[in-house]
Amino acid sequence: NLSPDEEKIYRLIVYRFISVFSEDSKLETMKVDLNVNNEEFVFTRKRVSHEGWLKHYPFKKQEADEFPPLKKGDFLKIHEIISEEKETKPPARYNEASLIKELEKRELGTKATRADIIAKLYDRKYIDGKKIEVKPLGVHIIDTLKQYCKNLTSEELTREFERELDCLSADKITKEEILANGEKEVRSILNDINDNQKEIGSKLYESYQESNVVGECSCGGKLLKKYSRRNKQTFIGCSNFPQCRNTYSLPKGANILKSTCPTCGLPMISIKRKGQKGREHVCLDPNCGKEVSKRRAPEVVGKCPECGKDLLKRHGRYGEFVGCSGFPQCRFSCQLNDLEKVLQEKSEELSK
């Protein structure tokens, strides 16, 4: 009574389990070097000579090339020459699986730690996407540390530590020797950081600020991703605050996209609406495309008793309140229901 997806998973587990106890498979490889008018050409062929565990594991494609009957010194006839023009392509981006293989190839990390290393890079926003793309923050951190603390980013140092652990398991080195070598390297790294902490801190702060830039504001400033401690929510604000008060709320679970709105030029965001399948791409400004007349300006309800500017009726998470239009220079505010009482008290204070 399995569903189609459950059946696929069940078959995968069963065949994988059976294949673990089977014989090794054997692969034959043929490589032929050809000399055509002093031009070197190479072709290869592969075929499975003994199925072994592959016989019980139908999910892996088997090599089945035909081997031409050739031996060293044979002369071959040229039937056709084809000339093709192609452009080189950049190397494919890593995904998690290929990155783990690359780490293994470079002897970085262990089987138990490689997946966790990549997970931390995602969590810290250093990389992004299934086809892994290094984010600006990750690039700047590596560049900064390479400039001021080379050993901290050294592949060779990491490999050396891994090799020492292998030697420890083979009783070729003592635990005390490993700890002494590790302490020496850590002290050297800490000294480099301590000597350059101001420069490192300044560079990393700039990198962090740059990583929060999501687009351009209409005033010419930069739109930054910010966090409100009061509301405990992330929002988008202008770098020219308080001169520019443009802010945009960021719905929960929204992803900021690289594309921009064709109407207003603000960044597009990807959101998931309740009860809706898939994600929807919308403009960061929820009022984009709406008539200006529909955007209600805050209602003026009086004059501020502290600075004399207009008092505006606003809506907050706890209901309606009154705030000064001179914010943040003037921080006068009160509940709407208490406005008359507060103004009277302020008036009495001034008359004394």
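Bear in mind these aren't lab numbers, they're just calculated from the coordinates by the rules spelled out. Computed from a predicted model, the values in this text were never measured in an experiment. Virtual Cβ from ideal backbone geometry, glycine too; neighbours counted across all protein chains shown.
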For this session: Tell me the GluC sites (Glu not before Pro) within the stretch 36-103 that lie in a loop according to DSSP and have at most 15 other beta-carbon atoms within 10 Å.
Result: 51, 63, 66, 80, 84, 85, 87
Exercise. So who's got an amide H within less than 5 Å of the one on residue 63, skipping anything under 5 residues away but keeping other chains? H placed 1.01 Å off N, in plane.
Worked result: 48
For this session: Just report the Cα centroid separation between the stretch 128-173 and the stretch 217-242, whole Å.
Result: 35
Problem set entry | Estimated FRET transfer efficiency (residue 160, residue 210; beta-carbon r; R0 45 Å; 0.05) | 0.85
For this session: Just grab the label-to-label distance for residue 49 and residue 288, each label 7 Å out from Cα along the Cβ direction, in nm (one decimal).
Result: 6.2
Seminar exercise, completed: Taking the dipole of the chain about the Cα centre (Lys, Arg +1; Asp, Glu -1; charges at Cβ), the one of 9, 204, 235 that reaches farthest to the positive side is 235
Seminar exercise, completed: For the stretch 75-113, listing trypsin sites (Lys or Arg not before Pro) in a DSSP loop whose Cβ sees at most 13 other Cβ atoms within 10 Å gives 77, 86, 93, 106, 111
Problem set entry | Nearest-ten-degree value, helix 197-211 long axis tilted from longest Cα axis of the chain | 80
For this session: Would you mind listing how long the chain runs along its three principal axes, going by Cα atoms, in whole Å with the largest first?
Result: 112, 58, 58
Problem set entry | residue 77-residue 175 pseudo-label distance in nm [points 7 Å out on the Cα-to-Cβ vector] | 7.5
Problem set entry | Phi-based couplings in Hz for the stretch 172-184 (Karplus 6.51, -1.76, 1.60; Gly and Pro marked x) | 9, 8, 8, 4, 5, 5, 4, 5, 5, 5, x, 4, 4
Exercise. Hey, what does the equivalent ellipsoid look like for the stretch 7-121, semi-axes from the Cα gyration tensor as sqrt of 5 times each eigenvalue, largest first, whole Å?
Worked result: 37, 25, 14
Exercise. Counting only residues 5 or more places away or on other chains, whose amide H sits under 5 Å from the amide H of residue 216 once H atoms are built in the peptide plane?
Worked result: 223
Exercise. Under unit Cβ charges (Lys, Arg +1; Asp, Glu -1), what dipole magnitude, rounded to 20 debye, does the chain have relative to its Cα centre?
Worked result: 1820
Problem set entry | Relative contact order for the stretch 219-287, counting Cα pairs under 8 Å that sit 6 or more residues apart, in percent | 19
Exercise. Counting other Cβ atoms within 10 Å, which chymotrypsin sites (Phe, Trp or Tyr not before Pro) in the stretch 78-155 have at most 11 and lie in a DSSP loop?
Worked result: none
Exercise. Among 38, 58, 68, whose Cα lies farthest out toward the positive end of the dipole of the stretch 28-73, if unit charges sit on the beta carbon of Lys, Arg (+1) and Asp, Glu (-1)?
Worked result: 58
Exercise. Relative to a virtual label point 7 Å from the Cα of residue 65 in the Cα→beta-carbon direction, which members of the stretch 6-48 show backbone nitrogen distances below 17 Å?
Worked result: 26-35, 41-48
Seminar exercise, completed: Quick note, the stretch 219-287: a/c under 1.5 would make it rounded; otherwise a/b > b/c is prolate and the rest oblate (a ≥ b ≥ c, C-alpha gyration tensor); here it is oblate
Problem set entry | Shape call, the stretch 35-92: gyration tensor on alpha carbons, a/c limit 1.5 | oblate
Seminar exercise, completed: One checks the Cα atoms of the stretch 299-351 and finds Rg and Dmax, in Å, of 10.6, 35
Exercise. Can you pull the Rg over Rh of the stretch 4-56, Cα-only, Kirkwood?
Worked result: 1.34
For this session: Please give the calculated 222 nm ellipticity per residue for the chain, where each DSSP H segment of at least 4 residues contributes -39500 (n - 2.57) and the sum is spread over every residue; nearest 500 deg cm²/dmol?
Result: -10500 deg cm²/dmol
Exercise. What does the convex hull of the alpha-carbon atoms of the stretch 96-204 project to on average, in nm²?
Worked result: 7.7
Exercise. Summing Lys, Arg as +1 and Asp, Glu as -1, what charge do residues with Cβ under 14 Å from the Cβ of residue 122 carry, residue 122 excluded?
Worked result: +2
Problem set entry | Computed E for residue 183/residue 142 - FRET, C-beta separation, R0 25 angstrom, nearest 0.05 | 0.50
Problem set entry | Candidates 325, 83, 239, ranked by Gaussian network fluctuation over the chain, Cα under 10 Å, top entry | 83
